[in-house]
Amino acid sequence: MTETSLGGDLGVGDKHAVYVGGAWYAVNGWLTWALGRQDGVVPHAREYAFDEFLRNTLHAHARAYPRRWNGITSVDDVCNAHYASDPSLCGIGIFRGWSTQIMHQPSWSLFDALKLAGLTPTEDGYVIEPHLPMRSFSLRLPDVGISRRHARLDYDGAQVVLTDLGSTNGTMVNGQRVSAVALNPGDMIQLGTTTLTFRVDG
C-alpha cells in the first residue's frame, strides 16, 4: 500500500495506510493456521500457509535484516511493515513498559507449527490431520512398546495402506496382527499400548 491517510506516520513505523500500522504476529498467526485449514477449498492453501509461517519467524527477520538483532525467543508483538522507512525495527513503540517481554511472535510460531502439523487435543486423545505441503510425515509416540521404525501409512490416491516395518511387537488392526492392510474408516490401530482410530473426512 502507498496510501498514507490519517495516522499514516503515527503508531508502529510510518507510511502505512491506517493507524496503527506494522506487521502484527498475532494477526498473522491466526491467519496462517486458518489458511492451512482451507486445504482442498483454496488452491495451494497448505503451501501458502507454510510459506507465511516461515516468513513470520525471527529467523526470517534476521536473514532479511542481518544488522538488526531482535532476539530468538522474545520480541515485541509487532515489527515495522516492509514499506516503512526502517522495516528492520521491531517493538510496539507505544507502550514502553513491556518492551521485549511480549511473547506473541514465538508463541504464535509454536501455535502455528502445532496447527499446521494438525495436532488437535480432544477429550479422547489427539486428532492428527496435517496441513503441511510435505509428501511424508514422521510421528514419534512416547511408548516403550513401539519400535523406532514401527509402521508406515501410504496413500495411493484411492486407499490408505498400513504397513508394519518389521516392528518388534507388531502392528494390530481391529485386534488382528497385520503385515500390510488397506484401512477403512473406524479401524482401530494398536501400536504398543497406543491406540489410533483411522478416520476420513468428507
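The values are calculated or read from the model by the stated rules, or taken from the named source; none is laboratory data. Worth saying up front: this structure is predicted, and the values here are computed from it rather than measured. Glycine also receives a Cβ, built like all others from the backbone with ideal geometry; neighbour counts cover every protein chain displayed. We work out accessible area using only protein heavy atoms, side chains counted, and drop any ligands, DNA or RNA first. Shrake-Rupley method; radii C 1.70, N 1.55, O 1.52, S 1.80 Å.
Things worth noting here:
- Some residue of region 104-115 being modelled with pLDDT under 85 and either over 30 Å from Ala45 (Cβ atoms) or of a type in the set (Asp, Glu) (or both): no
- Complete set of residues in region 186-201 that are polar (S, T, N, Q) and either in contact with a helix residue (DSSP H, G or I) (Cβ under 8 Å, 6 or more places away or on another chain) or within 9 Å of Val173 (Cα to Cα) (or both): Gln190
- Test result for Val144, within 24 Å of Val200 (Cα to Cα) and either touching a residue at least 24 places away in the same chain (Cβ under 8 Å) or not in a loop (DSSP other than H, G, I, E, B) (or both): no
- Just so you know, in region 119-143 the residues that are of a type in the set (D, E, K, R) and open to solvent by less than 100 Å² (accessible area, probe 1.4 Å) include one that is nearest to the chain's Cα centre (by Cα), and it is Glu129.
- Qualifying residues in region 144-170 (those that are among the hydroxyl-bearing types (Ser, Thr, Tyr) and modelled with pLDDT under 95) - the one least open to solvent (accessible area, probe 1.4 Å): Ser167
Conditions tested, residue by residue: (1) open to solvent by less than 80 Å² (accessible area, probe 1.4 Å); (2) assigned to a loop (DSSP other than H, G, I, E, B); (3) in contact (Cβ under 8 Å) with a residue 24 or more places away in the chain.
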{"position": "Val12", "(1), (2), (3)": "yes, yes, yes"}
{"position": "Lys15", "(1), (2), (3)": "no, yes, yes"}
{"position": "Arg46", "(1), (2), (3)": "yes, no, yes"}
{"position": "Glu52", "(1), (2), (3)": "yes, no, yes"}
